[in-house]
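First up is the structure itself, then whatever we jot down about it.
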Amino acid sequence: MIWVGMHLKDSTKMLHTQFRANEDTTYLGVEEFLKALRQYCIPFTSEKTLWNEFQAICQTLNGRMLPIQDIANKIKQYQMQLSRISNWQCYYQLLAAMDAPLL
């Protein structure tokens, strides 16, 4: 087992100490620690997260049908955050998000 504790600083060192102190993760190696550390390092606005949220847009939310203009605004907001989303993708996502009676 490789000891990485002496190469870490500040909050990363604290996370490693907590990782080693937890009885469930005491005997796990560096790879497992890096996987756990990645949860803290990847921002919630990462492209993959935003893309998945963009793909999951739908008109029905918690049993209520949202106005279609709200859905269009939400799609445009994601387009502003992700530069790779084209106008055509927004159009097709809007069609996919619409409920069948409206479509």
Counting just the residues of region 44-102 that are touching a Leu at 6+ places or on another chain (Cβ under 7 Å) and outside any helix (DSSP H, G or I), which one comes out surrounded by the most Cβ atoms within 10 Å (Cβ to Cβ)?
Gln59
Counted residues, region 79-103 - those being at pLDDT below 90 and touching a Phe, Trp or Tyr at 6+ places or on another chain (Cβ under 9 Å)
3
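The values are calculated or read from the model by the stated rules, or taken from the named source; none is laboratory data. Because the structure is a prediction, the values reported are computed rather than measured. Glycine also receives a Cβ, built like all others from the backbone with ideal geometry; neighbour counts cover every protein chain displayed.
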